[in-house]
1. Sorted by packing (mean other beta-carbon atoms within 10 Å per residue), highest first, where do A:118-130, A:19-31, B:222-234 land?
2. In square angstrom, what is the accessible area per residue of the range B:164-221 with a 1.4 angstrom probe?
3. Name the long-range amide H neighbours of residue A:171: under 5 Å, sequence gap of 5 or more, or other chain; modelled H, no Pro or chain starts.
4. So, for the range A:135-340, what is the accessible surface per residue at a probe of 1.4 Å, expressed in square angstrom?
5. Could you pull out the pairs from A:156/A:384; A:359/A:386; A:271/A:359 whose alpha carbons sit more than 26 Å apart here?
6. Expressed as a whole number of Å, what is the distance separating the alpha-carbon centroids of the range A:229-294 and the range A:70-139?
7. How many square angstrom of accessible surface are buried between B and A, both sides summed, with a 1.4 Å probe and rounding to 100?
8. With a 1.4 Å probe on protein heavy atoms only, tell me which residues of the range A:248-282 lose at least 40 Å² of accessible surface in the complex relative to the chain by itself.
Amino acid sequence: MTRISTVIIGAGHCGLAMSRRLSQRNVDHVVLERGRVANSWRTERWDSLRLLTPNWQSTLPGDPYDGPAPDGFMTMPELIFRLERYAQRGGAPVQTQTEVLAVHAEASGYRVETTRGVFHCANVVLASGACNIANAPAVAAEVPRSVQTFTPMSYKRPADLPNKGVLVVGASASGVQIAREVHASGRPVTLAVGEHVRVPRSYRGRDIQRWMQRLGLLDQRWDAVDDLNRVRRTPSLQLAGGGLWRTLDLNALTDDGVRIVGRLVGVRAGKAQFSGSLANMCAAADLKMNRLLDAIDAHVEETVLQHVVGPQRRLAPTRVPSDPLLELDFGGEAIGSVIWATGYRPDYSWLHLPVTDRKGRLRHDGGVLDAPGLYAMGLPFIRKRKSTLITGAGDDAAALAEHLVARSARRLAA
Amino acid sequence: MISNTPDTPTADGDIAMTAGGWRVSTLARIGDLVGALTGGGRSTAQGRDNANADKKGNEMQTQSIANNGVNVEALLGAREALTEAPEAAMFKWRARCEWIDGAHSRSTVDGFFGLGAEQRRPQPHVVDADHPAEFAAMDNGATPVELVLSALASCLTAGVASVAQNRGIQLRSVKASVEGHMDIAGILGIDPEVRNGFSMIRVHFDIDSDATADEIAAVVAQSQKRSAVFDILTNPTNVHVQVDVRDDVHNDDVA
């Protein structure tokens with residue numbers, strides 16, 4: 001049994017950023033990690049994945065990017081190396097191979113049960129990630145047994161898939177990247193496309209992340225947006241980090257020969273059914289993208305950047321097939337596997353506290369939960385638009401550490 | 001926000017909780033409209049999330065308040081209230097239909113279940129359906145498939161009006177024409193490979209408003225995104241049909 005002020009659950013970028021902030025404030029804490037540092041980045045990503053944010057942006061507090069390629073995109077081994085180095089240099093008190101089994105409230109705080117004993121603490125920081133479980137729709141259960149199913153967490157490389165056609169469901173960041181490399185491996189891909197957020201990798205000579213930062217979008221706060229639930233549900237930007245400044249959109253995939261179909265809405269009698277809404281999904285994504293680019297153009301005008309940035313070259317409208325496929329016969333079309341790239345959700349099955357809503361999502365105000373001394377990090381737009389990015393962890397950790405320290409001071413004073 | 005006190009009127013008096021559940025007063029077109037009111041695009045005067053909205057839209061919005069006859073406040077209030085009380089959002093829509101003669105039938109819609117209780121309109125609505133003379137019928141009403149097209153047009157048009165108002169866009173006229181393509185070799189049983197339903201539907205909107213082409217395109221896109229009939233037509237739905245057989249038939253007829 002250990003008594004300690006604060007337990008941080010998870011030694012990924014969020015947990016390590018929080019550890020650094022708490023150390024700066026002399027808060028006694030431990031970082032519990034079920035595997036090794038950066039465990040999810042090590043074990044739950046596919047081989048070719050690179051970060052979607054450029055290196056100059058993918059930083060943690062006190063650790064600016066000092067490598068040779070600020071505009072490049074880190075591979076997973078590079079990121080893992082940096083996170084390990086960050087933990088070592090900061091002296092983060094990480095206890096690895098320690099899985100949290102349960103968190104309960106008790107009189108003076110929380111009881112954290114792990115595979116290596118019990119911790120009693122006043123504060124708990126949930127930094128266990130936003131992507132613990134890959135979502136799959138209910139109809140996934142209807143897919144014929146002969147078809148193998150994967151998620152972006154279980155998929156590693158094209159060679160692991162049967163040498164047949166592949167249905168990739170979901171056209172956000174994970175879906176489009178996996179669709180491209182699987183199709184390139186000679187397995188013909190059909191990509192089911194629902195709501196998605198199309199952006200060019202770069203615009204007017206600058207990475208899109210650079211523009212989003214410049215326009216203040218990344219620093220937009222949770223308490224300053226009108227429809228928080230909607231922005232928290234917004235799918236990830238349709239981006240890829242591989243290949244400098246290369247845009248990966250539906251047009252690029254169509255050029256590769258990937259077949260684009262509507263959102264998967266049913267599986268019946270060995271056939272997948274797709275929605276007839278594809279044209280509208282694409283039109284809406286094009287309009288939304290162009291509004292963002294309009295905002296960038298307006299910013300360029302206002303700040304007289306015209307002479308230092310590139311021309312206003314827009315991506316062509318998404319080419320939608322005139323008669324998109326509505327049904328796909330798994331047997332007849334020789335589909336060997338389905339990859340559900342339909343989003344992720346966190347797993348709080350071990351959190352035995354009344355802090356979730358009816359859909360199992362944490363109820364919180366900017367990461368401060370409705371239970372004293374309980375905090376969460378790393379979820380979409382938890383405090384800012386950038387909260388979901390590695391670079392968002394520093395600010396969120398600073399704000400929540402400040403809250404934690406102020407609360408502890410009040411407790412002592414009382 | 002809805003008060004938990006029975007019979008307490010809400011801020012705008014549009015939904016109130018009664019002892020027996022939920023009561024509607026002026027919750028117009030809730031099926032199509034609640035939820036039609038979010039999404040990117042032109043922002044409203046209330047400081048909607050407008051990271052992507054262009055400045056011109058904001059200026060136009062503050063100059064004049066659009067009025068398309070949609071009670072946006074009531075719908076936004078309903079949306080907020082139903083978020084807090086998800087069971088009240090469970091609706092059952094109904095229609096009754098009676099055969100008259102030949103292909104002619106008459107449907108009546110009056111009651112529905114929603115907001116936790118049975119609801120009833122003051123007057124029933126009656127819709128006749130028939131087939132045209134080309135099908136050797138009496139043409140006493142639109143064909144059922146034309147009613148489906150008209151339902152799609154009406155649903156999208158109602159959505160356009162409400163989304164536009166929420167975004168501060170004044171509509172002057174909205175006209176929709178809808179065309180459903182069908183090979184009737186399906187319904188006539190000539191070719192089993194031809195489906196009975198539409199092979200494709202085209203909708204054309206002609207909209208006169210104070211907004212730019214892109215803003216209107218965004219309104220129409222959002223209207224599709226939140227349209228019940230668009231969803232019904234583009235996605236599969238399980239349909240369960242039961243039959244109550246009158247058992248007073250003569251055995252001779254059955255044989």
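1. My ranking of the peptides, most packed first, is A:118-130, B:222-234, A:19-31.
2. 57 Å²
3. HN-HN under 5 Å from residue A:171: A:194.
4. 42 Å²
5. Check vs 26 Å cut-off fails for A:156/A:384; A:271/A:359.
6. A separation of 32 Å, based on Cα centres.
7. Result for this pair: about 2200 Å² buried.
8. A:268, A:280
The values are calculated or read from the model by the stated rules, or taken from the named source; none is laboratory data. Computed from a predicted model, the values in this text were never measured in an experiment. Cβ atoms come from the backbone with ideal geometry, glycine included; neighbour counts cover every protein chain shown. Quick note on the areas: whole protein, heavy atoms, side chains included, nothing else; ligands and nucleic acids left out. Shrake-Rupley method; radii C 1.70, N 1.55, O 1.52, S 1.80 Å.
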